[in-house]
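Engineer: Let me begin by handing over the structure; questions about it come next.
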């Protein structure tokens, strides 16, 4: 392959040539990137890294230090740790993780959108397990709640049998370095205002892991020289310290370069000549080893999730922000109380030396008698000390209550009976207000969940090849499991569908409210024979949680519904189907409402409405044809009666 002259550094068209000619399997082919171009890329990234690193370092190290508060296994053996952060954190974490966010796809009315919508919902449910989304959500939520913002990267598409789906990966928030100007990854509005210009994180890979990846190059030039305090080493050291493990990163140097030695690499997201790239550097950010174009994703393929976001701010508020100082003070007061209890167990005394001559008599022994000169009187008194533990106990209660109020985690939410007796009404009121606070967190998480599924759909749109790829998914049908093969046309609509995100708890509560309110209306509406009883009954089934297939089994489609569905295919192509005088016009109108709105569909619906009026005014035109008489063996038909002429369809 011939070299392409002057890339990135002269004109924008040079970049277009590079993007067109050297992208193979969505990775940059290294042989055509000139050495001087590589040097310019490395220089740009180091300038951005040196600018961002000091801004992030203080906050990042503070967050890593807090890992010891979450689980400090290296505290003094005679000291007591307070689990306030762990208790509050896991109460919030468990509530938000248990309340799974549900995705529901809705088409925008294009051709075949109803089938695509159903297929996408089934595919999303299937991929939830294949992508290990439950495990991903646990780590993603954990980072959001501990670091204030969690980051998820989705650029890989696994084409192996049994997968054939995007593979999301949670970025370690402890090693993330970002643009100081950014308020979020892709901005806080549709225009992308506040989006990051650059940012990245460190990772470790062996020689053979890079060798197996088609996008890496220059890996033979990587050296075994690590930074003394790299980002990933700092994160590992903080976690090892919190868990009570020994951390010896220098021992890694004993491993062979071409065996399982781990090279430290920097993954950096940046723009070059207005084009987005993921670039990987090695050898202490001096050697280019990967260059991946990202413009096909539109925005950065990173989804960020925040727990308590602040307007126009990246970091927001995390749970350790609200509990760190309180846990430290509680631990201090608890340990002071322990020392005071020990002091009271071994008290001090004042004694009269003129009465007790032998100090050995003061040593404790069972049934010991101590001689004194003269009356016993006040020969010895205990030393009076200040009793501060009662004050400390009240302070502990105040600190605990402050943490509970800040994070909406009262004792009842933690699974602990409240110390103060409460009436049932008070407990229900507290529980409802806790649900209100948590529902806000679930809605905020819903922002990132919506972006996740939008990126998921975009990955299929980019990587799922027409007339090549096929994916078979299992669907739990009404009667038995079904195996449904999906091709590109089954899941990619002409107009990208919308995805709605709703909390499972909120969705279930909403469905129950609708079910209760609709039940009274349905009871009244079903009494009128003019109302559509079939629609009312099917809608009640949907409110009961029945799937479309279960409803189709319980309410088989009528002949008019089947006929109207077939006519919709003609209407979608702007063609007029024929109307029969025997049609159930009301059923046809309700089914035709799902067709594309075009002149033919509008005219066809108007014709059905017109025929309904004609049928009301001219009932003689719509009399059912009498059934013909069939002669029995040996009997002739009545010639006077004859055979009635069939009614011909009219338009």
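Quick note: the coordinates plus some simple rules give every number you see, no bench work behind them. Note that the coordinates shown come from a computational prediction; the quantities given were computed from them, not determined experimentally. All Cβ positions, even for glycine, are placed from backbone atoms using ideal geometry, and neighbour counts span all protein chains on display.
Engineer: Quick one: compute the contact order of the range 297-387, relative version, from alpha carbon pairs under 8 angstrom and 6+ residues apart, as a percent. Kindly include the intermediate steps, with their values, before the conclusion.
Structural biologist: Working: 43 pairs, mean separation 20.3, N = 91.
With pairs under 8 Å counted, the relative contact order is 22 percent.
Engineer: Only counting other Cβ atoms within 10 Å, I'd like 216, 555 sorted with the fewest neighbours first. Mind dumping the intermediate values first?
Structural biologist: Working: 216 21, 555 15.
Sorted ascending by nearby Cβ count, the order is 555, 216.
Engineer: Could you work out the relative contact order of the range 558-620, using alpha carbon pairs under 8 angstrom and six or more residues apart, expressed as a whole percent?
Structural biologist: Relative CO of the range 558-620 lands at 37 percent.
Engineer: Which order do the peptides 130-138, 144-152 come out in when sorted by mean C-beta neighbours inside 10 angstrom, highest first?
Structural biologist: Numbers: 130-138: 15.8, 144-152: 24.6.
Going by the mean number of other Cβ atoms within 10 Å, highest first, we get 144-152, 130-138.
Engineer: Give me 203, 540 ranked fewest to most by other Cβ atoms within 10 Å of their Cβ, as a rough exposure proxy. Provide the component values of the computation, followed by the final result.
Structural biologist: Working: 203 18, 540 15.
Result, fewest neighbours first: 540, 203.
Engineer: Relative contact order, percent, of the range 449-573 when contacts are C-alpha pairs under 8 Å separated by at least 6 residues? Provide the component values of the computation, followed by the final result.
Structural biologist: Working: 65 pairs, mean separation 24.6, N = 125.
With pairs under 8 Å counted, the relative contact order is 20 percent.
Engineer: I'd like to compare 92-101, 47-56, 344-353: which one has the highest average count of other Cβ atoms within 10 Å, and what's the full order after that? Mind dumping the intermediate values first?
Structural biologist: Numbers: 92-101: 17.5, 47-56: 14.6, 344-353: 10.3.
Final packing ranking: 92-101, 47-56, 344-353.
Engineer: Only counting other Cβ atoms within 10 Å, I'd like 526, 231 sorted with the fewest neighbours first. It would help to have the intermediate numbers written out before the result.
Structural biologist: Values: 526 13, 231 23.
Ascending number of Cβ neighbours within 10 Å: 526, 231.
Engineer: Rounded, prolate or oblate, given the Cα gyration tensor of the range 114-265, with a/c below 1.5 counting as rounded? Present the calculation step by step, with values, prior to reporting the outcome.
Structural biologist: On the way: a/c = 1.82, a/b = 1.42, b/c = 1.29.
Because a/c hits 1.5 or more and a/b exceeds b/c, the range 114-265 counts as prolate.
Engineer: As an exercise, take the mean of 1/r over every pair of distinct alpha carbons in the range 250-374, invert it, and state the Kirkwood radius in angstroms.
Structural biologist: Numbers: mean 1/r = 0.0426 Å⁻¹.
About 23.5 Å for the range 250-374.
Engineer: Computed over the Cα atoms, what is the radius of gyration of the range 558-620 divided by 2.2 N^0.38 Å, N being its residue count?
Structural biologist: Working: Rg = 11.2 Å, N = 63, 2.2 N^0.38 = 10.6 Å.
In units of the 2.2 N^0.38 Å rule of thumb, it is 1.06.
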